[in-house]
Amino acid sequence: VFMRARQGAFDVVVAMYHDQGLIPVKLLGLELGVNTTLGLPLIRTSPDHGTAFDIAGTGRASAASLLAAIDAAELAANGYSF
């Protein structure tokens, strides 16, 4: 399902558990992956990666996933339903 999503067959893939969704996203190199927690009384999104302290200050870090998480939160705030 993740390969088909990468090819554009789906807008979203829902995983029951964090690791079931995050591992394929990382393996496929999807830099715009966003973690969204549903069922909360507030909007919660986060990048699909950790803090990356090991590459901080090296010029190798990318803010793409953070920006995608912010965009997803904005969509949710404006009424888009995931």
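Comparing Leu42, Ala52, Ala15 along the charge dipole axis of the chain, the residue lying farthest to the positive side is Ala15, per the Cβ-charge model. Taking each residue as 0.36 nm, the span from Leu75 to Leu22 lengthens on full extension beyond its C-alpha to C-alpha distance by 17.0 nm.
Using R₀ = 25 Å, calculate the FRET efficiency as 1/(1 + (r/R₀)^6) where r is the Cβ-Cβ separation of Val13 and Arg60; round to 0.05. The value I calculate is 0.40. Legend: ranking of residues Ser65, Ser46 from fewest to most surrounding C-beta atoms inside 10 Å; resulting order Ser46, Ser65.
In this rough spin-label picture, where each label sits 7 Å from Cα along the Cβ direction, the Thr51-Arg6 distance is 3.0 nm. Using only side-chain charges placed at the Cβ, +1 for Lys and Arg and -1 for Asp and Glu, the dipole size of segment 2-77 relative to its Cα centre rounds to 140 debye. Here Met3, Met16 are placed in order of increasing Cβ neighbour count within 10 Å, fewest first, which gives Met16, Met3.
No value in this document is a laboratory result; all are computed from the given coordinates. Predicted model, so just to flag it, every value in this text is computed and none were measured. So basically every Cβ, Gly included, is an ideal-geometry build from the backbone, and we count neighbours across all protein chains shown.
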